[in-house]
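*Asks:* Please see the structure below; I have some questions.
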Amino acid sequence: MSQALSAALISVSGFSLTDEEKRVISQYQPLGVTLFLRNISTRKQVAELCKQIREAAQREDIIIAIDQEGGRVRRLAEPEFRPYASQYVLGRLEQELGAPKADIATRDHALLISHDLIDCGINLNYAPVLDLAFEETAAVLKSRCFGNDEKQAARLGKIMVDTYIQNGICPCIKHMPGHGRITVDPHLGLPVLTQSLKELEKDFYPFRALAASPAGMTAHVVIPEIDDKNPITQSAFGIKELIRGVIGFDGLLISDSINMRALKGNLREITSKCISAGCDCVCYCDGIAQEAAEVCQSAGFMSDKSIIRFEKIKNLFHNKPNMVNLDTIAAEYEALVGQIEKYQDDYDATEVLNKMKQHKGE
């Protein structure tokens, strides 16, 4: 069996590791590190940061993850990196150009992103989003979805998942079991879905279709028919019955950010509750070394079953990126998706919460 790893994906504070961050990574051996906007300046700098993380862990297979969905959630942004359309734009292409063109654009999207990530030393992408968009869907999520058609979301999502895997990047489907109907931003509060499980079958469909994906992320959402007290992330019954049961997902289950205000309690309480409920690991995003150490301690070591799930992910890291002419693929992609919205470098919901926390001295 592999060495003991903390059941945590932690985060760091800046463009390079501090001595304290190196010590935390070395001592606690977290499963991985997630990069955010505050960690990204240039392509060369990101590659050096990833190298520092691997050296601190003394593990080549440490997960280094990022949210590179496209649209408003693209943390590797221009001018250093190519611009990428949102999943909503990719979904709309089917209506505008037909399904074959939408499929090609989606494949190109994941292929080009894979090469960006590999170049930097990143090996896991928190994508694709398989939530469905409804009229009432909160704005923070709506533009990140392929649309409202569950079969289309499953088809385009599978193209992304397969392309990432083929190119040595672990995809992470999100947010299980589906919270596209939310009207409350989970960064700020706890959404509750009042629909029946029968109604929510439409939302579950893309996740069931991609249940063989190597990694997935939970949704901070209450579904009263399953558990009227706990969000799915912290509901043992919800994870067992919905995510592992109805959906049939048996990959590595990552909690959505434990720093979101949808979850109540201190870091130790939140972390312990997520792990006890059945998450394989928690995702800590505030980048404070002392808190990262606390989360690692509270999460404890990954279980044998969680390690087996991670071993499957490690195997796909050995896949070599497809050798293609990236300029040709990029030209094809740009011709299909059209003008891409300018990146808003002031948008990063996780960083907004982090700044609010620092401002209030929490």
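The values are calculated or read from the model by the stated rules, or taken from the named source; none is laboratory data. Quick caveat: nothing in here was measured; it's all calculated off a predicted structure. For neighbour counting, all protein chains shown are included, and Cβ atoms are generated from backbone atoms with ideal geometry for every residue, glycine included. Heavy atoms of the whole protein, side chains included, go into the accessibility calculation; ligands, DNA and RNA do not. Shrake-Rupley method; radii C 1.70, N 1.55, O 1.52, S 1.80 Å.
*Asks:* Could you tell me what percent of the accessible area of segment 34-169 is made up of carbon and sulfur, with a 1.4 Å probe and every protein chain present?
*Replies:* Reported share for carbon and sulfur atoms: 51 percent.
*Asks:* Solvent-accessible area per residue for segment 84-180 at a 1.4 Å probe radius, Å²?
*Replies:* 28 Å²
*Asks:* For segment 300-344, which GluC sites (Glu not before Pro) pass both filters: DSSP loop (anything but H, G, I, E, B) and at most 16 other C-beta atoms within 10 Å?
*Replies:* Within segment 300-344, the qualifying GluC sites (Glu not before Pro) (loop, at most 16 other Cβ atoms within 10 Å) are GLU341.
*Asks:* Label-point separation (nm) for SER26 and ILE308, each offset 7 Å from Cα along Cα-to-Cβ?
*Replies:* So the two model labels end up 3.5 nm from each other.
*Asks:* Going toward the positive end of the dipole of the chain, with +1 on Lys and Arg Cβ and -1 on Asp and Glu Cβ, which of CYS145, HIS187, SER255 do you reach last?
*Replies:* Among CYS145, HIS187, SER255, the one farthest towards the positive end of the dipole of the chain is SER255.
*Asks:* Starting from the amide H of GLY180, placed 1.01 Å from N in the peptide plane, find each other amide H under 5 Å away whose residue is 5 or more places distant or on another chain.
*Replies:* Amide H neighbours of GLY180, under 5 Å, 5+ apart: LEU132.
*Asks:* When the dipole is taken about the Cα centre of segment 222-275, and only Lys, Arg (+1) and Asp, Glu (-1) are charged at their Cβ, what size is it in debye, to the nearest 20?
*Replies:* Using Cβ point charges on Lys, Arg, Asp and Glu, segment 222-275 gives about 240 debye.
*Asks:* Listed here are the pairs LYS174/LYS320; LYS22/LYS240; LYS229/LYS342; LYS142/LYS229; LYS229/LYS312; which of them are more than 29 Å apart at the Cα?
*Replies:* Cα-Cα > 29 Å for LYS22/LYS240; LYS229/LYS342; LYS229/LYS312; rest within.
*Asks:* Amide H to amide H, which residues 5 or more places from HIS175 or on other chains are under 5 Å from it, using H placed in the peptide plane?
*Replies:* Placed amide hydrogens put LEU130, ASP131 under 5 Å from HIS175.
*Asks:* Now a separate question. Taking only the Cα atoms of the chain, how large is their convex hull per residue, in Å³?
*Replies:* 121 Å³
*Asks:* Going toward the positive end of the dipole of the chain, with +1 on Lys and Arg Cβ and -1 on Asp and Glu Cβ, which of VAL161, ASN123, GLN297 do you reach last?
*Replies:* GLN297
*Asks:* Would you give the gap between the C-alpha center of segment 4-48 and the C-alpha center of segment 69-129, rounded to a whole Å?
*Replies:* Comparing the Cα centres of segment 4-48 and segment 69-129, I get a distance of 24 Å.
*Asks:* Oh, and also: Largest first, what is the accessible-area ranking of ARG74, ARG261 with a 1.4 Å probe?
*Replies:* From most exposed to least exposed: ARG261, ARG74.
*Asks:* Could you please put ASP19, ASP185 in sequence from largest to smallest accessible area, using a 1.4 Å probe?
*Replies:* My answer, sorted largest first, is ASP19, ASP185.
*Asks:* Here is a further query. Just to be sure I understand: if I project the alpha-carbon convex hull of segment 89-226 onto a plane and average over all orientations, what area do I get in nm²?
*Replies:* On the way: hull surface 33.5 nm².
Averaging across all directions leaves 8.4 nm² for the Cα convex hull.
*Asks:* Okay, next question. With each pseudo-label sitting 7 Å past Cα toward Cβ, what's the ASP185-LYS229 distance in nm, one decimal?
*Replies:* Modelled inter-label distance: 3.0 nm.
*Asks:* In debye to the nearest 20, how big a dipole does segment 264-322 give about its Cα centre with +1 on each Lys and Arg Cβ and -1 on each Asp and Glu Cβ?
*Replies:* 300 debye
*Asks:* Scan around CYS170 for amide H atoms under 5 Å from its own, H built in the peptide plane at 1.01 Å from N, and keep only partners 5 or more places away or cross-chain.
*Replies:* LEU124, ASN125
*Asks:* Counting only the backbone N, which residues of segment 29-62 are under 12 Å from the spot 7 Å out from the Cα of ALA4 toward its beta-carbon?
*Replies:* From segment 29-62, the list is 29.
*Asks:* To the nearest 20 debye, what charge dipole does the chain have about its Cα centre, counting +1 at the Cβ of each Lys and Arg and -1 at the Cβ of each Asp and Glu?
*Replies:* I would put it at about 460 debye.
*Asks:* Here is a follow-up. Using the Karplus curve 6.51 cos²θ - 1.76 cosθ + 1.60 with θ = phi - 60°, what ³J(HN,Hα) values do you get for each residue of segment 126-134, in whole Hz, with x for Gly and Pro?
*Replies:* Each residue of segment 126-134 in turn: 6, 6, x, 7, 10, 5, 9, 9, 10 Hz.
*Asks:* Now a separate question. Please list LYS101, LYS202, LYS305 from largest to smallest accessible area, probe radius 1.4 Å, with all protein chains kept in place.
*Replies:* Details: LYS101 90, LYS202 55, LYS305 130 Å².
Final ranking, largest accessible area leading: LYS305, LYS101, LYS202.
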